[in-house]
Amino acid sequence: MNKTRLWLSVFLMISVSFLAKGCSFLPKTSLMILAYNLEKTVVDGELTAEIKGAAVNDGGTRLEYAEIEGNFYSQDGTLLTTGFAKTISEEGEWFTLDPGEIWDFTIPYISAPGEAHPSLKIVSYRLEKNSSGAKIIGQAQNDGDVTLSFAQITGNFYRGEAHPSLKILSCGLEKDGSSAKAVGEAQNDGDVTLSSAQITATFYDGAGEALPTTGTTSIVDLQVGEIEYYEIFYPGSNYEEVWDVTANVTSTDYDDEDTLLALSVASTTNLGIGETWNFSILYPKENYEKVDHVTAEVGELTTTNYPDPAEEVDHVSVEVGTLRGRTIMP
């Protein structure tokens with residue numbers, strides 16, 4: 001009885017020693033990566049990237065499931081994405097790896113292209129005039145995240161101070177059995193389009209005295225040199241007392257944009273990300289001496305297809321992921 005207890009104690013001590021040292025009587029579950037490399041190919045006009053490699057079951061158990069993790073990096077070491085190879089066939093069926101069996105694995109690079117943000121920043125511009133013409137000189141930069149296949153800048157050339165004016169060419173009185181009115185023509189003799197102008201008519205009685213009631217009319221969008229017919233009805237009920245009339249311009253107005261003499265454009269192609277463009281926009285008319293100031297603004301932008309992320313892949317790494325094994329009994 002004492003011998004039995006002694007042998008049992010020795011067996012327990014040996015078992016604890018094996019466990020404490022990390023040893024096990026069970027076969028080891030293991031997968032060793034033999035080789036791998038990055039491959040890039042063009043498929044249907046699109047660049048693809050993938051990791052091709054081989055791994056071997058170097059353990060003592062059958063692997064019911066195994067996976068390998070692949071990491072794709074850009075040239076500066078930025079992790080772009082992570083993919084996995086798993087023990088599953090192209091038909092979607094799981095397969096096992098017996099001890100010593102080699103697995104040829106593939107990890108594709110999968111990443112949807114991000115949204116493109118085309119942008120062009122005008123860094124500086126100025127008006128340049130000489131004895132032969134005027135032009136806008138400036139610099140712009142592609143500050144977006146995609147190559148610009150086409151970029152355009154619009155230059156606006158403005159005159160100096162505007163001189164709005166409206167001239168009364170004629171004014172006459174017309175009367176009938178129910179009304180009296182002033183009729184005539186007015187001409188925009190200023191140097192800017194009139195967005196609006198007001199003409200006021202003063203009506204007189206037979207003694208040449210001005211009647212207390214006046215009439216007005218408005219003219220809109222009158223181009224430089226354009227002539228407009230007007231009529232102003234006497235607003236009072238005593239129209240029969242009206243014997244004469246005069247007309248005067250009482251207000252004129254114009255939009256600041258109407259000082260625009262001309263606009264022109266400059267364009268370029270294939271402007272890379274971060275690339276600068278020294279642009280020049282010529283004034284398209286002969287009266288360049290009237291140009292006083294300019295503005296420049298970004299016009300049409302066209303992008304190439306957003307770069308395939310696979311182009312950014314420079315190198316890869318792999319490591320063994322999850323493993324599940326089953327002991328093969330002799």
> Does the stretch 291-315 hold any residues that are surrounded by 16 or more Cβ atoms within 10 Å (Cβ to Cβ) and either assigned to a loop (DSSP other than H, G, I, E, B) or at pLDDT below 90 (or both), and which are they?
Replying inline: THR303, PRO307, ASP308, PRO309, ALA310, GLU312, VAL313
> Out of the residues in the stretch 201-233 that are assigned to a strand (DSSP E or B) and among the aliphatic types (A, V, I, L, M), which is farthest from GLU185 (Cα to Cα)?
Replying inline: ALA210
>> Out of SER24, SER9, SER30, I need the residue that is modelled with pLDDT of 50 or more and either assigned to a loop (DSSP other than H, G, I, E, B) or within 60 Å of the chain's Cα centre (by Cα) (or both). Which one?
In response: SER30
>> Please list, ordered by residue number, the strands (runs of 3 or more DSSP E) wholly in the stretch 35-143 having 2 or more residues that are over 30 Å from PRO284 (Cβ atoms).
In response: 46-56, 61-73, 79-86, 102-108
>> Filter the stretch 254-282 down to the residues that are surrounded by 14 or more Cβ atoms within 10 Å (Cβ to Cβ) and under 29 Å from VAL220 (Cα atoms) and list them by number.
In response: TYR254, ASP255, ASP258, THR259, LEU260, LEU261, ALA262, LEU263, SER264
>> Please pick out the residue among ASN287, ASN248 that is over 18 Å from CYS171 (Cβ atoms) and not basic (Lys, Arg).
In response: ASN287
> Restricting the stretch 114-161 to residues that are within 24 Å of ASN270 (Cα to Cα) and hydroxyl-bearing (Ser, Thr, Tyr), which is modelled with the lowest pLDDT?
Replying inline: THR147
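The values are calculated or read from the model by the stated rules, or taken from the named source; none is laboratory data. Since we're looking at a predicted model, the values are computed, not measured. No Cβ is skipped: glycine too gets one built from the backbone with ideal geometry, and neighbour counts run over all protein chains shown.
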